[in-house]
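Below is one structure; the comments refer to it alone.
Bear in mind that the values in this text are calculations on the coordinates, not laboratory data. Source: prediction; values computed, not measured. Please note: Cβ atoms are built from the backbone with ideal geometry, for glycine as well, and neighbour counts cover all protein chains shown.
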Amino acid sequence: MADKKKYVRGTSPKGTAAWPRLTEPDCTFDPNGMYSVNLRLSVKEAAAFMAQIDNAHKGQVAEVMKELKGKGKPPKVKEADMPYKPVLDEDGNDTGEVEFKFKLKAMAGSKDKQWAQKPRLFDAKGKPLPADVKIGSGSTIKVGYELFPYYVPSVGCGVSLRVLAVQVIDLVEYSGGSFKDFGFNEEEGFEATAEPSLTDEDSEDPSSF
């Protein structure tokens, strides 16, 4: 029997979390759910990590081409997108940051045998996070990941980043989104009337009447 394939594991540099879905999976595009988090690093901090991914990507392309050639098929294969990209501002200018995308299916296995899985979440000292703590964008984190090589003819050949665990260095707890989280800025125009302050009469205990 062939040995089970081993995937390369590692720990990312410390960076900023963007759009984390780590406590509850997102079922928008996958009914079984998907956990995910994007990690933003400066170009300098990201350089070695990108090189590791690039090497794994090239190795996977070479391996798939070799397999296809052995089957008598054309060795040319489509290459999938990298699991990272430069971060651009709203005007399309480079911000000097790179964003890495980590994902993990909430259900693993095949149709015949499936099991649930989720990322393990720890605080800065290594203690498991309480279930009610929700990691929000802006948190400082490290990601324990696995490089997962794949080949899907329609998508291409490449590697993805599986999020296995997250260490939270500085927590920004998710609160549903503030004014600026949605990309809004102050404008001239309508202003809601402030709530009236209580007078001494208003603040009296109604039970005294």
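Other residues within the sphere of radius under 11 Å centred on the Cβ of E97, judged by their own Cβ, net out at -1 (K and R +1, D and E -1). Over all other residues within a Cβ to Cβ distance under 13 Å of G126, the charged ones net out to +3, with Lys and Arg as +1 and Asp and Glu as -1. Approximating the spin labels as points 7 Å out from Cα along Cα→Cβ, the K85-to-K44 distance works out to 2.6 nm.
Placing unit charges on the Cβ atoms of the charged side chains and taking the dipole of region 73-172 about its Cα centre, the candidate lying farthest along the positive direction among G109, G92, V152 is G109.
Cross-link pairs exceeding 32 Å between alpha carbons, from the set K58/K127; K44/K78; K85/K118; K14/K66; K76/K105; K78/K127: K58/K127; K14/K66; K78/K127.
For D132 and D94, what does the FRET efficiency come to when R0 = 41 Å and r is the distance between their Cβ atoms, rounded to the nearest 0.05?
On the way: r = 38 Å, r/R0 = 0.92.
Plugging the Cβ-Cβ distance into 1/(1 + (r/R0)^6) gives 0.60.
Rounded to the nearest 20, the size of the Cβ-charge dipole of region 1-144 about its Cα centre is 960 debye, with Lys and Arg at +1 and Asp and Glu at -1.
Cα centroids of region 1-80 and region 133-151: 12 Å apart.
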